[in-house]
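Student: Handing you a structure now.
The values are calculated or read from the model by the stated rules, or taken from the named source; none is laboratory data. Model, not experiment: these values are computed from the prediction. Backbone-built Cβ (ideal geometry, glycine too); neighbour counts: all protein chains shown.
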Amino acid sequence: MPPDPRLPESGLPEMARPETLRPESLKAAIAGSEAMLYARGGQVCLSSRGRALPGLAGASVLLRTHSQLAAALGLIALDGVARRIVIAPPDVKAGHLASVIARADVEAVMGEDESLAIEGARFVPLDLSAVALAEGPQVVTEWVLFTSGTTGEPKMVAHTLAGLTGAIQPAAAADITWGTFYDIRRYGGLQILLRALLGHASLVLSDADEDVAGFLARLGRCGVTHLTGTPSHWRRALMSPANAAIAPHYVRLSGEIADQAILDSLKARFPDAAIGHAYASTEAGVGFEVTDGLEGFPASFIGRPGAVEMKVEDGRLHLRSARTASAYVGGGPDLRNDGWVDTGDVIEQRGGRFHFMGRAGGIINVGGLKINPEEVEAVINRQPGVRASRVSGRKSPITGAIVVAEVVLTEAANDNATFKEAILAACRENLPAFKVPAMLRFVPSLALTAAGKLSRNA
Amino acid sequence: MSVAAMVVDQFRQVAREQGKEIAELNDDTVLLESGLDSLCFAIIVAQLEDRLGVDPFTAAEDVYFPVTLGDFIRFYEDAAGSQAA
């Protein structure tokens, strides 16, 4: 397919359209909506009414839920009422929550049942049958999201509803049913929830215990029209025979580099669908969408005026817009430099196009989840008999990258297999599964830079 | 060892390493129902690249994603064949 310098009408970047939605609050946005949230165990019509929330006006609330449906209803209930909503992602380590509560001044924890309660904060049960969905806005709520990467304690970034919804246009068509492979408790998934709510559209949410085939079948039954996920999610969907159940009009990828192979495969499988890959990050917000079916993005995006400005500095993409996060919560590096956010994504120009080359600083992106190599190295280096280690990403056509480790032992071991298993067992115990090295090999030494640091380019 | 045998061997090895219960493997086994997840397939593809010197997902001009184990094996047989030719 020849590259078309003009983007198709349907894919015009949002800045070309003056009209954007400016919701005062989520409740105002969905008032009178007949939209549905479909979850595995049932569905909720958003036009339903409920009781007011008890005593959370002006509070800082940690929303910690078992299900995505509960998270969605909790967000709608708390927006405009709470001063701050801290959204706990599903895989947050319980041990980190005490510090989250301290750093974000959390006064109350809201969730489906008391198993989600945390010492030091009041617990407020979230009654799914009686969530208040129709109150007027009172305060501008700060939305706090966890970044997907980073070591040890999770970093939290603050957004406003206006910033989070800045890229959302009025729905062009009626009867849209969104579906997403993401979790709405992270930035990428939250974008889809907000698109659905603001567009009075329905949304199908996945369940933690649901397999790919089951979710695809349910997406088909609910008549999904707009479906989003990472390239890794989509590769998995294409490997499932259950993808026969779906026929989306719109296919969207984000969260990882969308390579030409996955774009072509999706076009072949869904020839009538509009396929776009979007650039967004928890810190920088929604950047842009590319709809011409080609990987990377047109060089003309750099330096063009609009709601999102883009520039290249030190080979990395920088963004500036009203949609970037306003600050880190509870300490962290300065996020904005004259309004510009360094995305940490390395890009390279070839002809009229920029291509994504990976992350600066060695950050590894496995299926949209980011891993700091130092965090994994720290676990490996703690093991007896280990002198040094280097963790890096190896390109994968399935998950974008996998984590690989090279390990130097203090002295040659007789039984490398036992050593390897012990190191990996320690990693499994201390790290979430996606951070555990998929491949580990022993090497005699590791190269250092002139400054004596571990060389990360070898 | 034939390509097919090597692929099956790799499936078993990764399942063992990742602590996954693996289904009986035959040509009609649907990959996503084999008991392995995306990460397992990513590891299998990397290991096979090291053993066979080919990654058909990246090398192929017409990329498609295999659904069954039979598809997966043919994918590698074709890639190994075209490489040898």
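Student: Can you find a residue that is under 21 Å from the mean Cα position of the chain (by Cα) and part of a strand (DSSP E or B) anywhere in the range A:403-414?
Tutor: The answer is yes, given that some residue of the range A:403-414 is under 21 Å from the mean Cα position of the chain (by Cα) and part of a strand (DSSP E or B).
Student: Tell me, yes or no, whether the range A:355-377 has at least one residue that is assigned by TED's automatic domain parsing to the domain that holds A:Ser232, surrounded by fewer than 17 Cβ atoms within 10 Å (Cβ to Cβ), within 27 Å of A:Ala158 (Cβ to Cβ) and touching a strand residue (DSSP E or B) at 6+ places or on another chain (Cβ under 6 Å).
Tutor: No, every residue in the range A:355-377 fails to be assigned by TED's automatic domain parsing to the domain that holds A:Ser232, surrounded by fewer than 17 Cβ atoms within 10 Å (Cβ to Cβ), within 27 Å of A:Ala158 (Cβ to Cβ) and touching a strand residue (DSSP E or B) at 6+ places or on another chain (Cβ under 6 Å).
Student: Looking at the range B:45-60, which of the residues that are at pLDDT 90 or above and within 11 Å of chain A (Cβ to nearest Cβ) is surrounded by the fewest Cβ atoms within 10 Å (Cβ to Cβ)?
Tutor: B:Asp50
Student: Continuing with the same structure: Considering only the range B:23-44, state which residues are modelled with pLDDT of 90 or more and not in a helix (DSSP H, G or I).
Tutor: B:Leu25, B:Asn26, B:Asp27, B:Asp28, B:Thr29, B:Val30, B:Ser34, B:Gly35, B:Leu36, B:Asp37
Student: While we're on this one: Quick one: would you say A:Val139 is out of contact with any His (no Cβ under 9 Å at 6 or more places or on another chain) and at pLDDT 90 or above?
Tutor: no
Each row is one residue, and each column tells you yes or no for (1) touching a Phe, Trp or Tyr at 6+ places or on another chain (Cβ under 7 Å); (2) surrounded by fewer than 22 Cβ atoms within 10 Å (Cβ to Cβ); (3) modelled with pLDDT under 90; (4) not in a loop (DSSP other than H, G, I, E, B).
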{"residue": "A:Ala173", "(1), (2), (3), (4)": "no, yes, yes, no"}
{"residue": "A:Ile192", "(1), (2), (3), (4)": "yes, no, no, yes"}
{"residue": "A:His200", "(1), (2), (3), (4)": "no, yes, yes, no"}
{"residue": "A:Ala208", "(1), (2), (3), (4)": "no, yes, yes, no"}
{"residue": "A:Ala213", "(1), (2), (3), (4)": "no, yes, no, yes"}
{"residue": "A:Ala237", "(1), (2), (3), (4)": "no, no, no, yes"}
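Student: Filter the range B:21-39 down to the residues that are surrounded by 20 or more Cβ atoms within 10 Å (Cβ to Cβ) and at the interface with chain A (Cβ under 9 Å from one of its Cβ atoms) and list them by number.
Tutor: Those that are surrounded by 20 or more Cβ atoms within 10 Å (Cβ to Cβ) and at the interface with chain A (Cβ under 9 Å from one of its Cβ atoms): B:Leu31, B:Leu32, B:Ser38, B:Leu39.
Student: Given the criteria in the same structural domain as A:Phe181 (by TED's automatic domain parsing) and either within 18 Å of A:Phe356 (Cα to Cα) or surrounded by 24 or more Cβ atoms within 10 Å (Cβ to Cβ) (or both), does A:Ala268 qualify?
Tutor: The answer is no for A:Ala268.
Student: Does B:Arg12 fit the bill of being away from chain A (no Cβ under 14 Å), free of Cβ contacts under 8 Å to residues at least 60 places away in the same chain, among the charged types (D, E, K, R) and within 20 Å of A:Pro437 (Cα to Cα)?
Tutor: So B:Arg12 passes the test.
Student: Among (1) modelled with pLDDT of 90 or more; (2) facing chain A (nearest Cβ under 7 Å), where does B:Phe65 come up short?
Tutor: Here B:Phe65 meets the rest and fails (1).
The rows are residues; the columns are (1) assigned by TED's automatic domain parsing to the domain that holds A:Pro397; (2) crowded, with 22+ Cβ neighbours inside 10 Å; (3) of a type in the set (Phe, Trp, Tyr).
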site	(1), (2), (3)
A:Pro241	no, no, no
A:Tyr250	no, no, yes
A:Ala278	no, no, no
A:Ala284	no, yes, no
A:Thr291	no, no, no
A:Ile302	no, no, no
A:Glu309	no, no, no
A:Leu317	no, yes, no
A:Arg323	no, yes, no
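Student: With the checklist (1) within 14 Å of another protein chain (Cβ to nearest Cβ); (2) of a type in the set (Ser, Thr, Tyr); (3) over 29 Å from A:Ile262 (Cβ atoms) in hand, flag the one item A:Ser389 doesn't pass.
Tutor: The one condition A:Ser389 does not meet is (1).
Student: Could you list, in sequence order, all residues of the range A:418-440 that are more than 9 Å from every other protein chain (Cβ to nearest Cβ) and small (Gly, Ala, Ser)?
Tutor: Residues satisfying the conditions are A:Ala422, A:Ala425, A:Ala426.
Student: Within the set of pairs 6+ apart or on separate chains, which have a first residue in the range A:81-92 that is surrounded by fewer than 17 Cβ atoms within 10 Å (Cβ to Cβ), a second that is at pLDDT below 90 and of a type outside the set (A, V, I, L, M), and C-beta atoms under 6 Å apart?
Tutor: Filtered contacts from the range A:81-92: A:Asp91/A:Pro432.
Student: From (1) of a type outside the set (A, V, I, L, M, F, W, C); (2) modelled with pLDDT of 90 or more; (3) assigned to a loop (DSSP other than H, G, I, E, B), pick out the condition that doesn't hold for A:Ser115.
Tutor: Tallying (1) of a type outside the set (A, V, I, L, M, F, W, C); (2) modelled with pLDDT of 90 or more; (3) assigned to a loop (DSSP other than H, G, I, E, B), A:Ser115 fails exactly one: (3).
Student: Looking at A:Gly303, is it assigned to a loop (DSSP other than H, G, I, E, B) and among the small types (Gly, Ala, Ser)?
Tutor: Yes; evaluated as a whole, the condition is true for this residue.
Student: Scan the range A:225-235 for residues that are part of a loop (DSSP other than H, G, I, E, B) and closer than 25 Å to A:Ser281 by Cβ and jot them down.
Tutor: A:Thr230
Student: Among the listed residues A:Val376, A:Val391, which satisfies the condition of being assigned to a helix (DSSP H, G or I), β-branched (Val, Ile, Thr) and touching a residue at least 12 places away in the same chain (Cβ under 8 Å)?
Tutor: Step by step, each of A:Val376, A:Val391 is checked, and only A:Val376 is assigned to a helix (DSSP H, G or I), β-branched (Val, Ile, Thr) and touching a residue at least 12 places away in the same chain (Cβ under 8 Å).
Student: State the number of residues belonging to the range A:275-300 that are part of a loop (DSSP other than H, G, I, E, B) and modelled with pLDDT of 90 or more.
Tutor: Of the residues in the range A:275-300, 6 are part of a loop (DSSP other than H, G, I, E, B) and modelled with pLDDT of 90 or more.
Student: I'm trying to understand the selection: among the residues of the range A:267-301, which are without any contact (Cβ under 8 Å) to a residue 60 or more places away in the chain, within 14 Å of chain B (Cβ to nearest Cβ) and either within 26 Å of A:Thr324 (Cβ to Cβ) or aromatic (Phe, Trp, Tyr) (or both)?
Tutor: Of everything in the range A:267-301, just one residue is without any contact (Cβ under 8 Å) to a residue 60 or more places away in the chain, within 14 Å of chain B (Cβ to nearest Cβ) and either within 26 Å of A:Thr324 (Cβ to Cβ) or aromatic (Phe, Trp, Tyr) (or both), namely A:Phe270.
Student: So, one more: How many of the residues in the range A:66-92 are part of a loop (DSSP other than H, G, I, E, B) and within 17 Å of the chain's Cα centre (by Cα)?
Tutor: Total meeting the criteria: 6.
Student: I'm told A:Asp264 meets every condition in (1) in a helix (DSSP H, G or I); (2) more than 14 Å from chain B (Cβ to nearest Cβ); (3) over 30 Å from A:Val144 (Cα atoms); (4) not aliphatic (A, V, I, L, M) except one. Can you identify the failing condition by its number?
Tutor: With respect to (1) in a helix (DSSP H, G or I); (2) more than 14 Å from chain B (Cβ to nearest Cβ); (3) over 30 Å from A:Val144 (Cα atoms); (4) not aliphatic (A, V, I, L, M), A:Asp264 is out only on (2).
Student: Also, I was wondering about something else. Which residues, taken from the range A:99-112, are surrounded by fewer than 17 Cβ atoms within 10 Å (Cβ to Cβ) and either at pLDDT 90 or above or in contact with a Ser or Thr (Cβ under 9 Å, 6 or more places away or on another chain) (or both)?
Tutor: A:Ala102, A:Asp105
Student: Every residue in the range A:176-204 that is under 15 Å from the mean Cα position of the chain (by Cα) and of a type in the set (A, V, I, L, M), please.
Tutor: If the condition is that a residue be under 15 Å from the mean Cα position of the chain (by Cα) and of a type in the set (A, V, I, L, M), then A:Ile184, A:Leu190, A:Ile192, A:Leu193, A:Leu194 are the ones that fit.
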